Amino acid sequence: MSATQAALRGEVSIRRLSKAFTLNDRRLDVLRGLNLDIRSGECLVIVGASGSGKTTLLRILAGLEQADAGEVDIDGRPVAGVGAERAVIFQEPRLLPWLTVLENVTFGLDIRGWSKARARAEARHYIELVGLGDFADAYPRQLSGGMAQRVGIARALTVKPEILLLDEPLGALDAMTKIAMQQELSRIWREEKVTMILVTHDLEEAIYLADRVLVLPKIKSQPPRLIDVNLPRPRERSSADFVALREELLAEFGLH
Amino acid sequence: MTIQDVNSSLALGADGARPANTGAFGRKALQLVGDLATRFGVLIAFALLWEYGGRLGFLNSAVIPPLSNVIAALRDGLVSGPLKEDLGISLTRAGVAFGAATALGIPLGLVMGQLPTAEKLIDPLLQLFRQTSALALYPVFILLLGLGETSKVFVIFWASLFPILLATIGGVKEVDGKLIEMARVYGARRLTIFRRVVLPGAVPQIFVGLRLSATTALLMLIAAEMIGANHGVGFQVMNAQYNFQLPLMFASIVLLALLGLATNYAILGLQRRLCRWNAAA
C-alpha cells in the first residue's frame with residue numbers, strides 16, 4: 001500500500017485535454033486532445049512558440065484554469081481546482097510587498113495552519129537553501145529580480161509539493177542571473193525529489209533541466225512532440241551532444 | 001619640510017581623531033542649518049514680513065495686526081478666553097463626524113470594492129452625491145435635523161464620508177489580481193485572501209482617503225460654524241470680525257490652520273508606522 005503510494009507521488013496523467021479561446025469572435029484551439037504521462041520525480045519542460053498553449057497547459061495543471069474537455073489525474077485522482085500537492089512559481093515573484101522575506105516564505109504554511117514558530121523554522125531552512133539567509137528581514141522592494149524570484153521559489157518549496165509547476169520562472173531575469181538560477185533549480189529539483197513541470201521559451205534552459213522536452217506546435221493539426229534528453233548531469237552547455245540537441249530543437253521551430 | 005607637514009597632519013588624523021571629528025561635526029551642523037533654511041526659510045520670511053510689515057509701513061496694522069499680537073491673542077484665548085471652549089466644541093463636532101465617516105466609509109468601501117455588482121449599482125448615486133456640494137445640502141439637513149448639533153455634525157459627516165469611501169473602494173479594486181491568484185494557489189479561501197492580501201494591499205489608499213476626509217471635515221466644520229453656530233472656532237472667526245477683535249480673528253484662523261496641520265501629520269505618522277514596507281509612504 002505505502003509502496004504504491006510512494007510510487008505514485010507526483011505522477012500526472014493527461015487524457016484528451018482540449019482548450020479553446022474565443023478571440024474577436026474567432027475560435028482559437030490552444031490544446032487539442034493532448035495525451036501525456038508525466039512520471040514521478042521527472043523534470044518535464046514544455047516549450048513552444050507564443051500562443052502554442054504552454055502557459056495554458058500549466059495553468060490547467062495548476063487548477064487555475066479549466067479545460068474544455070479531457071481529464072488531468074494526479075496520483076490517480078482527477079484535478080479539480082488548486083491542490084495542496086501542487087505549488088506554482090510564476091514568471092513574477094508575486095511577493096506580498098508588506099511582508100518581509102521570512103514572512104513571505106511562511107505564507108503557504110500560515111494558510112495551512114502551521115504555528116508561527118514551526119513555520120518560521122521551516123521557512124528559514126528554505127531561505128538558506130536558496131542562498132538568502134542574510135535577507136530574511138528585508139522587504140521585497142529591497143531585493144533584485146533574481147533574489148525576489150528565489151524568495152518565490154523558497155515559498156513554494158516550504159509547502160513540500162509533490163509537483164512544482166513553473167511558468168517561465170526565469171523569463172524576466174538577465175542572462176547571468178538566469179544561468180545561475182538554472183543551476184540552482186537543477187540542484188533543488190534533485191535535492192527535493194519533486195516532479196517539476198516547467199514552461200520556458202529558452203531552448204538551452206529546456207535542455208539543461210529536462211528529462212523530457214514537450215514541444216507544443218503552433219499549428220494544431222500537427223501533433224506535439226516529446227524529446228528525451230539523455231545527457232548526463234550536471235549538463236555541459238558546450239558539449240557536442242548538448243549543442244546537437246539544441247540544433248534539433250531549433251529545427252522543430254523551423255529555425256535551422 | 002613639506003613631507004614632514006603631510007606626515008604630521010596624517011599622524012594627527014590617525015591618533016587624535018578630534019580635528020577630523022570637529023570638522024565632521026561642523027559640516028553636519030552646517031548641513032542641518034542648510035536643511036532647516038530650505039525647509040522653513042520661506043515660512044520664517046513670511047512670519048517676519050507679517051510681524052514687521054505694519055511697522056515698516058507696507059501693511060495696514062489696523063486690518064492685519066502684527067504676528068506677535070496674534071500669538072498673544074491666541075495664547076490668551078486658549079488660556080482664559082473663548083478659544084478654549086470653542087476649540088473643545090469644534091474638535092468634538094469634527095471628531096464625531098470624521099469618526100462616523102471613517103467607521104462607515106472603510107467597511108462599506110471594503111465590501112463594495114469586493115462586490116463589483118454592488119459597486120456598479122451604487123456608483124452612479126455615489127458620484128451624484130459626491131458632486132453635490134454638502135454645503136448646498138446643509139439647509140436640507142437643517143430642515144430635517146434642526147438647527148442644533150445634529151445637523152452640523154451630519155453635514156461634516158456627509159462631506160467627509162465620500163473621500164474615504166471612494167478611496168477604500170479604489171484601494172480594494174487596485175489590489176494586484178496576481179497576488180490574489182498566488183494566495184489561491186496556496187489554498188487560501190476568500191476570507192483569508194481578504195485578510196492577508198486585499199486589506200493590507202488597500203491600506204495605502206485608505207490612508208490617502210483618511211487624509212482627504214480629515215481635510216474635508218475641517219473645511220466643513222468651519223463652514224457649518226460660520227453659517228449657523230454661536231460657538232466653535234469657525235464661529236469665532238466671524239464673531240471676532242463683527243466685533244473688530246482682529247487679533248482674535250487671526251488667532252482663530254491660525255488655530256484652524258494648526259489643527260489641520262496637526263491632523264495631517266498625525267495621520268501621516270500613523271501611515272508611516274503601519275506601512276513601513278512602502279517606500280513611497
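Summary of values
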item: Count of residues meeting criterion [touching a Pro at 6+ places or on another chain (Cβ under 9 Å) and touching a residue at least 24 places away in the same chain (Cβ under 8 Å)] in region B:228-242; result: 2
item: Residue that is farthest from the other protein chains (Cβ to nearest Cβ), among those in region A:160-189 that are among the hydrophobic types (A, V, I, L, M, F, W, C), surrounded by fewer than 21 Cβ atoms within 10 Å (Cβ to Cβ) and in a loop (DSSP other than H, G, I, E, B); result: A:173
item: Subset of region A:60-85 [more than 8 Å from chain B (Cβ to nearest Cβ), farther than 16 Å from residue A:20 by Cα and of a type outside the set (Gly, Ala, Ser)]; result: A:72, A:73, A:74, A:75, A:77, A:78, A:79, A:85
item: Residues of region A:112-122 satisfying the condition of being touching a helix residue (DSSP H, G or I) at 6+ places or on another chain (Cβ under 6 Å) and either within 11 Å of chain B (Cβ to nearest Cβ) or of a type outside the set (Gly, Ala, Ser) (or both); result: A:122
item: Top-ranked residue of region B:242-281 - restricted to ones that are surrounded by fewer than 16 Cβ atoms within 10 Å (Cβ to Cβ) and of a type in the set (Ser, Thr, Tyr), ranked as nearest to the other protein chains (Cβ to nearest Cβ); result: B:265
item: Hits in region A:92-111 (condition: more than 8 Å from chain B (Cβ to nearest Cβ) and in a helix (DSSP H, G or I)); result: A:101, A:102, A:103, A:104, A:105, A:109
item: Selection status of residue B:214, at negative phi, outside any helix (DSSP H, G or I) and surrounded by 22 or more Cβ atoms within 10 Å (Cβ to Cβ); result: no
item: One residue from B:78, B:108, B:59 being of a type outside the set (Gly, Ala, Ser), within 29 Å of residue B:230 (Cβ to Cβ) and surrounded by 12 or more Cβ atoms within 10 Å (Cβ to Cβ); result: B:78
item: Flag for residue A:205 being closer than 16 Å to residue A:252 by Cβ and in a helix (DSSP H, G or I); result: yes
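Residue-wise test of (1) crowded, with 21+ Cβ neighbours inside 10 Å; (2) at pLDDT below 95; (3) on the phi > 0 side of the Ramachandran plot.
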residue: A:22; (1), (2), (3): no, yes, no
residue: A:27; (1), (2), (3): no, yes, no
residue: A:33; (1), (2), (3): no, yes, yes
residue: A:61; (1), (2), (3): yes, no, no
residue: A:85; (1), (2), (3): no, yes, no
residue: A:94; (1), (2), (3): yes, no, yes
residue: A:101; (1), (2), (3): yes, no, no
residue: A:107; (1), (2), (3): yes, no, no
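The values are calculated or read from the model by the stated rules, or taken from the named source; none is laboratory data. Because the structure is predicted, anything quoted here is derived from the model rather than measured. Counting neighbours? That spans all protein chains shown, and the Cβs are built from the backbone with ideal geometry, glycine included.
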